[in-house]
């Protein structure tokens, strides 16, 4: 197995997203695609012309920096995404989503102009996935390429259907575990408990005895258990802060 790392530029403090082209013999898997910007289109296209187009494209989750260029592969490659993430995307672009989230946001004090902007940005997903045929995968599925194979690991928290890919003791982890920052954990459906799911997903990766993590942002790193414990401690402290704030209002 040969791993090629392409750093696709993006605005903001993260600066780039890692797109991984993993090859075995002449077959390859591309993990995530980058943003739907002209700069990323040119960079990715030129890179693949030099190293070969993938047989498979795997999307770790629905965020635009990960699936933004998926349409480039709609006629060239099989495109895989988790069944839970695919289900959420369908909900995200539905009228039901707008109705439920508008009610929730208004009830929690969000201004109308913020809500309108959020729903306007949501329309980009229809453009990103237009005419793309996704093949869904489930937790534990095996993705084969060349003589090698990767196992799908469902790791919800950052999104509802986020997945990692395990190859022996190596894991391509998307945004699930990052070395220098903690991924955003947001409430995406009203009935969910995303932080609980995220902490459980961290435990799952820690139990695998991973030797090397390949994240979507930052450099690959080895001490996975140490980083998992740091992230869990971070969330514990933040929860304590929130409890103290609530308690101070109750006393006031």
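The values are calculated or read from the model by the stated rules, or taken from the named source; none is laboratory data. Not measured: the values here are computed from a predicted model. Quick reminder, even Gly has a Cβ in these numbers, built from the backbone with ideal geometry, and neighbours come from all protein chains shown.
Quick notes
- Restricting attention to the stretch 74-92 and to residues that are without any contact (Cβ under 8 Å) to a residue 40 or more places away in the chain and either touching a helix residue (DSSP H, G or I) at 6+ places or on another chain (Cβ under 8 Å) or in a helix (DSSP H, G or I) (or both), the residue that is nearest to residue 25 (Cα to Cα) turns out to be 90.
- Among the candidates 153, 165, 178, 202, the residue that is in contact with a helix residue (DSSP H, G or I) (Cβ under 6 Å, 6 or more places away or on another chain) and at pLDDT 95 or above is uniquely 202.
- Meets criteria (surrounded by 12 or more Cβ atoms within 10 Å (Cβ to Cβ) and modelled with pLDDT of 90 or more) for residue 115: no
- The stretch 17-33, residues that are modelled with pLDDT of 95 or more and either surrounded by fewer than 17 Cβ atoms within 10 Å (Cβ to Cβ) or under 12 Å from residue 66 (Cα atoms) (or both): 17, 18, 19, 20, 30, 31, 32, 33
- Residue check for residue 191: surrounded by 11 or more Cβ atoms within 10 Å (Cβ to Cβ), over 20 Å from the mean Cα position of the chain (by Cα) and either within 30 Å of residue 96 (Cβ to Cβ) or at pLDDT 95 or above (or both): no
- All strands (runs of 3 or more DSSP E) inside the stretch 14-73 with 2 or more residues being touching a strand residue (DSSP E or B) at 6+ places or on another chain (Cβ under 7 Å) and closer than 18 Å to residue 217 by Cβ: 16-24, 27-31
- Pair list, Cβ under 6 Å, 6 or more apart: the stretch 195-224 residue surrounded by fewer than 16 Cβ atoms within 10 Å (Cβ to Cβ), other residue at pLDDT 95 or above and not in a loop (DSSP other than H, G, I, E, B): 212/170; 222/212
- When 161, 146, 157 are checked against the criterion of being out of contact with any strand residue (DSSP E or B) (no Cβ under 8 Å at 6 or more places or on another chain) and surrounded by 15 or more Cβ atoms within 10 Å (Cβ to Cβ), 157 stands alone in meeting it.
- Pairs are defined by a Cβ separation below 8 Å, a sequence spacing of at least 6 or placement on different chains, a first member in the stretch 93-113 that is at positive phi and part of a loop (DSSP other than H, G, I, E, B), and a second member that is at pLDDT 90 or above and loosely packed, with under 11 Cβ neighbours inside 10 Å; no pair meets this definition.
- Any chance residue 233 is modelled with pLDDT of 95 or more, over 25 Å from residue 88 (Cα atoms) and loosely packed, with under 12 Cβ neighbours inside 10 Å: yes
- Counting only residues that are within 19 Å of residue 80 (Cβ to Cβ) and in a loop (DSSP other than H, G, I, E, B), the stretch 120-142 holds 8 of them.
- Pairs, first farther than 15 Å from residue 93 by Cα in the stretch 126-143, second at pLDDT below 95 and in a strand (DSSP E or B), C-beta under 8 Å, six or more apart: 142/149; 143/149
- Options 132, 185; residue that is over 30 Å from residue 108 (Cα atoms) and surrounded by 13 or more Cβ atoms within 10 Å (Cβ to Cβ): 132
- Verdict on residue 210 being at pLDDT 95 or above and in contact with a helix residue (DSSP H, G or I) (Cβ under 6 Å, 6 or more places away or on another chain): no
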